[in-house]
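Everything on this sheet refers to the single structure shown next.
The values are calculated or read from the model by the stated rules, or taken from the named source; none is laboratory data. Just so it is clear, the model here is predicted, and its values are computed rather than measured. As a convention, Cβ positions derive from the backbone with ideal geometry for all residues, glycine included, and neighbour counts pool all protein chains shown.
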Ligand SMILES: [Ca+2]
């Protein structure tokens, strides 16, 4: 899933940030932040959200240090690629992966990328070794 948003900055504005809130995942995650005056114009931003299997909320928060003179706004929010891929009767070739339960055919580059692209998790099963970077674990595919 991804969406586009446009933001407008006037003069002497503080920071603005968009947060993602998912009840099951605890505190909000900052998806986007603008710090300074970026001119009196609408700009384009694209944010990749990945797959969100739980209900979620987006919030736009304004951060000001007491002095505020300007406008922060978003508009034309569009969500894209929100549905799972449809089932396929076959899925052949080394550049494709056939999902176990949903029978969707996905690009093999989506296998073991930490996102459930199939909807049944089969593209993230059997990702066989893990690298430990402190408290962060990264699963690396050897398929
Ligand atoms: Ca995946």
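Could you check, for the range 86-93, whether at least one of its residues is closer than 30 Å to residue 44 by Cβ and out of contact with any helix residue (DSSP H, G or I) (no Cβ under 8 Å at 6 or more places or on another chain)? Scanning the range 86-93 turns up at least one residue that is closer than 30 Å to residue 44 by Cβ and out of contact with any helix residue (DSSP H, G or I) (no Cβ under 8 Å at 6 or more places or on another chain).
Note on the range 66-82: residues that are under 29 Å from residue 116 (Cα atoms) and outside any strand (DSSP E or B) total 2. Here is a check on your reading of the model: is residue 85 surrounded by 11 or more Cβ atoms within 10 Å (Cβ to Cβ), modelled with pLDDT of 85 or more and not in a helix (DSSP H, G or I)? In short, yes.
Within the range 88-108, being more than 9 Å from the ligand (Cβ to nearest atom) and not in a loop (DSSP other than H, G, I, E, B) holds for 96, 98, 104, 105, 107, 108.
Selection of first residues in the range 35-54 that are not assigned by TED's automatic domain parsing to the domain that holds residue 120 and of second residues that are at pLDDT below 80 and surrounded by fewer than 11 Cβ atoms within 10 Å (Cβ to Cβ), restricted to Cβ pairs under 6 Å at least 6 apart or on distinct chains, gives the following pairs, ordered by first then second residue: 37/11; 54/24.
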